[in-house]
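Worksheet for the structure shown next.
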Amino acid sequence: MVSWLIIGILVVLVFLVLNLGHMKHRVWVFLIVLLVLFLYISISVVYHKYDLSFDSTEGAVDSAKIYLGWLGNGFSNMKTLVGNAVKMDWTTSNESSPAKTNSSSKSNSDKLK
């Protein structure tokens, strides 16, 4: 219930931000709202997956270590994914392109003569 309430509040804030007059302020507030939404959702996922405890200082420190490790692993995975995508050959390979045909074959205009 609380999570839907927070998400609803963030959605209302986004609509209020979009009504602001200055574009620079609108962009910054929108980015901050997206950052807060990302942090809330990611912390919620880690909290429920690892059954974290914030009752004591030691529990909060352990929870922060787990969250930061989870977040770092996610960024590492994104780095690997983007690196592999950059290394791929994204050019098209058309087997009938003129550069790959036999140079000894005659062109159509030579055959007509």
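The values are calculated or read from the model by the stated rules, or taken from the named source; none is laboratory data. Since the structure is predicted, the reported quantities are computational estimates derived from the model, not experimental observations. We place every Cβ from the backbone using ideal geometry, glycine too, and count neighbours over all the protein chains shown.
Just to be sure I understand the filter: pairs with C-beta atoms under 9 Å, separated by 6 or more residues or on different chains, first member in segment 71-82 and small (Gly, Ala, Ser), second member in a helix (DSSP H, G or I) and at pLDDT below 95. Which pairs pass?
If the second residue must be in a helix (DSSP H, G or I) and at pLDDT below 95, the pairs left are Gly74/Ser42.
Out of the residues in segment 46-84 that are hydroxyl-bearing (Ser, Thr, Tyr) and in a loop (DSSP other than H, G, I, E, B), state the one that is nearest to the chain's Cα centre (by Cα).
Restricting to residues being hydroxyl-bearing (Ser, Thr, Tyr) and in a loop (DSSP other than H, G, I, E, B), the top hit is Ser53.
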